[in-house]
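Nothing in this text is a laboratory measurement; each read-out follows from the coordinates by a stated rule. Keep in mind that this is a model prediction, so the values were computed, not measured. We place every Cβ from the backbone using ideal geometry, glycine too, and count neighbours over all the protein chains shown.
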Amino acid sequence: MRNLLNFLAGYNNIIIFLILEGIALSLLTSENNYHNTRFVKGIRGITTAIERSVSKTRSYFSLRETAEKLSAENASLRNNIEKSGEAINTVFFSVTDSVFRQKYFWSSAEVINNSVNRQKNFFTLNKGYNQNLARDMAVVSDDGVAGVIVGCSSNYSVAMSVLNTDFRLSARIRSNGYFGSLNWDGRDYSHAILSEIPQHVIANVGDTIETTGYSAVFPEGLMIGTITEIEKSGSDFYRISVLLKTDFKKLNYVNVIGNLQKTEQQELEKQFQ
């Protein structure tokens, strides 16, 4: 009680001012329609602004959950498309087949650790063996190629990033079909180098670079980036600078792609190597 009295005594001027201000506003709005309307509109405006701020705050905190759902739905849709595509293609080869084989398995995952400023960069995913992930599975973002899984535990996976000087990828120029080897030279995190393209090939700045599908890891036709510079080196091949479509500084949710027929393909190829 004494604390309350001390508080009232210390702030009596402010309290009296607020009471008188409230009485004045009440008299002003009750006796004058114009001021009453303006006052009500002002209160409504303040209330609306507060509600918008609260709504935006709730939307911001729900973005993570929304992104996870969208990533999972995207992987599910890709699996359905893959199944449908294989079924349609198989019909043209044999009308007696009753089993349609899905070649690629898609799964969503979240990047929980990442680096871009080293010569050998890796990133970590929040899924592992328990979620059907394994070594040599491709990792792609919504924009393009991101890397390949090189290690798994029960619930985590580590992927070698495209931004790793040991990373190699079979890539081709979409406009003419010529393919070469893509790797990162350890300089700019936004660019990689496409080599082994003969200098008689017509290539232009702005051409799209995509995966060939020759590695049994990445499906054919995935976006890698676009050509920004073409240099003639001392050899018979171009040195082509490629602007990567994936922004590795913003890598968050990704899709993991597993080739269900990879072992069969690799075992057959080993017989002729």
Please get the size of the charge dipole for the range 106-273, origin at its Cα centre, with Cβ charges of +1 on Lys and Arg and -1 on Asp and Glu, quoted in debye to the nearest 20. 340 debye
Dipole of the range 106-273 (Lys/Arg Cβ +1, Asp/Glu Cβ -1, origin at the Cα centre): which of Leu243, Ser175, Val162 lies farthest to the positive side? Val162
How many angstrom lie between the C-alpha centres of the range 206-273 and the range 164-194? 7 Å
Ala146 long-range amide H proximity, modeled H, under 5 Å: Val139, Val140, Ser141
Cut-off 14 Å, label point 7 angstrom out along Cα-to-Cβ of Asn132: give me the residues of the range 232-273 whose amide nitrogen falls inside. 256-261
Which parts of the range 173-203 would a label at Lys250 reach, counting a residue when its backbone N lies under 12 Å from a point 7 Å out along Cα-to-Cβ? none
Quick check on my link table: of Lys120/Lys232; Lys120/Lys245; Lys127/Lys270; Lys127/Lys250; Lys127/Lys249, which ones sit more than 23 Å apart, alpha carbon to alpha carbon? Lys120/Lys232; Lys127/Lys270
Rounded to whole Hz, the Karplus (6.51, -1.76, 1.60) HN-Hα couplings of the range 188-196, x for glycine and proline: 8, 5, 9, 10, 10, 10, 9, 10, 6
